[in-house]
Amino acid sequence: MSDGYTVAVVGAGLVGDRLVAELRRRDFPLSELRILARSARTAVLAGETFEVRVAEPEAFEGVDIAFFAGTEGEKGAAVQLADEAISRGAVVIDNGSDFRLDPKVPLVVPEVNVGALEGHEGLIANANCSTTQMVVTLAPLAREFGLKKVVVSTYQAVSGAGRSGVEALENGREDAFARPIVGNAIPQIGGLGDHGYTTEETKMREETRKILSLPDLPVFATAVRIPVHTGHAESVYVETEREADLPGVLEALGAAPGVEVSDDFPTPLEVAGEDGTYVGRVRVQGRMVQYWCVADNLLKGAATNAVQIAESLVGIHARA
């Protein structure tokens, strides 16, 4: 479409704001940008003023691509409206968690498994933010050395929980997390499920397996919320199938798309506003690899990855 695409962003929260900013920053070919939400109003997203329309079936008429901007763990509007958008000709890219493990729905991180987009049926899932940054770093290790086991501890920013999480840090709101967040670390993100794992930890395991096409890969996650505004950090331990060495691991990570390797260590404060995944403190001994990785959870963990999916779709359409 030489004149651009009609795009809808469903949701005017933190992720919706970043989606608008990323669409503009990456010069996505737009002919029209619509903002849809639960109520009609005027809202400012990424410095632009929009007349927000009600998210209802008729609002998707003429839409080519619809981003559903659910926050981490949230059951989003896609459950009610994705089929309506698809029936009107839109491709839906959903940031919510409802469809990620549906075998009919591609779960895509473009640097890792862009081929999963082929043959999609109108609905594509955006991975969980903590999963996304981890699989970008795991994929090159899987190719070069094979993966036997992954153990990860996450240190996740409050913005992953949306505006309520940010308000808990900035204003002392008490209902956003299981414990007060200010000056604290909370080892529970989501509800507790089978065998004591939280929903966040279970998502990391199952989504990693699906994205990497390793259905039996052991993944053991501990997800912790910390009093940081933006940027998730992860301490990752990997057991490889084949012998590894530090130069080989650094070469594999450094050559991987979307990965930046630091001579020192990245921190959430430093990577906020950046769209890559940053790795440091890499240690290798035999078949053991350990490293630290950090990414902006609202960008690579949500908005940037979603726009990259749309860019990939446009490329596929152009080749067809």
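Using DSSP loop states and a limit of at most 15 other Cβ atoms within 10 Å to flag GluC sites (Glu not before Pro), what is the longest stretch of the chain containing no flagged site?
244-320
When the gyration tensor of the stretch 216-305 is built from Cα positions, what are the square roots of 5 times its three eigenvalues, in whole Å, from largest to smallest?
23, 15, 12
Sum up the charges of everything whose Cβ sits under 10 Å from the Cβ of residue 46, counting Lys and Arg as +1 and Asp and Glu as -1, but leave residue 46 out.
Here the charged neighbours net out to 0.
Can you work out the FRET efficiency for the pair residue 255 and residue 185, with r the C-beta to C-beta distance and R0 = 45 Å, to the nearest 0.05?
0.85
Tell me the relative contact order for the chain as a rounded percent, counting alpha carbon contacts under 8 Å between residues six or more apart.
17
What are the trypsin sites (Lys or Arg not before Pro) within the stretch 229-320 that DSSP puts in a loop, where the Cβ has at most 16 other Cβ atoms within 10 Å?
Filter output for the stretch 229-320: 242, 287.
Taking 2.2 N^0.38 Å as the expected size of a compact globular protein, what ratio does the Cα radius of gyration of the stretch 162-266 give against it, to two decimals?
Expressed relative to 2.2 N^0.38 Å, the Cα Rg reads 1.33.
Give the average over all directions of the projected area of the C-alpha convex hull of the stretch 16-103, one decimal, in nm².
6.1
Using 7 Å Cα-to-Cβ label points, what is the residue 173/residue 3 separation (nm, one decimal)?
It works out to 4.1 nm between the two label points.
Tell me what the chain gives for mean residue ellipticity at 222 nm when only DSSP H runs of n ≥ 4 count, each as -39,500 (n - 2.57), the sum divided by the residue total, rounded to 500 deg cm²/dmol.
-9000 deg cm²/dmol
Within a Cβ distance under 10 Å of residue 134, other residues only, what is the Lys/Arg minus Asp/Glu net charge?
Summing Lys/Arg as +1 and Asp/Glu as -1 gives -2.
To one decimal place, what orientation-averaged projected area in nm² is obtained for the convex hull of the Cα set of the stretch 61-186?
Value for the stretch 61-186: 10.0 nm².
Would you pull out the residues with amide H under 5 Å of residue 228's amide H, same chain only if 5 or more places away, H placed 1.01 Å from N?
Placed amide hydrogens put 158 under 5 Å from residue 228.
Can you tell me the orientation of helix 304-319 relative to the chain, as the angle in degrees between its alpha-carbon axis and the longest Cα principal axis, to the nearest 10?
70
Along the stretch 111-125, what does the Karplus equation 6.51 cos²θ - 1.76 cosθ + 1.60 (θ = phi - 60°) give for ³J(HN,Hα), rounded to whole Hz, x for Gly and Pro?
5, 10, 9, 4, x, 5, 6, 4, x, 4, 10, x, 10, 10, 9
To test your reading of the geometry: what angle, between 0 and 90 degrees and rounded to tens, separates the Cα axis of helix 14-25 from the longest principal axis of the chain?
80
Starting from the exponent 0.38 and prefactor 2.2 Å, build the expected Rg for the chain from its residue count and divide its actual Cα Rg by it.
0.97
Find how many whole Å separate the alpha carbon centroid of the stretch 240-256 from the alpha carbon centroid of the stretch 83-123.
When both Cα centres are located, 31 Å separates them.
Lys pairs in the chain, Cα-Cα under 18 Å, at least 8 apart or on separate chains: how many?
Going through the chain pair by pair, I get 7.
Full-extension gain between residue 54 and residue 270, please, as 0.36 nm times their residue separation minus the C-alpha to C-alpha distance.
74.1 nm
Around residue 248, with a cut-off of 11 angstrom between Cβ atoms, what is the net charge of the other residues, counting Lys and Arg +1 and Asp and Glu -1?
Summing Lys/Arg as +1 and Asp/Glu as -1 gives -3.
Could you give the size of the charge dipole of the chain about its Cα centre, using +1 on the Cβ of each K and R and -1 on the Cβ of each D and E, expressed in debye and rounded to the nearest 20?
Dipole about the Cα centre, nearest 20: 440 debye.
Among 221, 80, 113, whose Cα lies farthest out toward the positive end of the dipole of the chain, if unit charges sit on the beta carbon of Lys, Arg (+1) and Asp, Glu (-1)?
221
Read-outs throughout are calculated quantities, based only on the coordinates presented, and are distinct from any laboratory measurement. This one's a predicted model, so the numbers in the text were calculated from it and none came from an experiment. Glycine also receives a Cβ, built like all others from the backbone with ideal geometry; neighbour counts cover every protein chain displayed.
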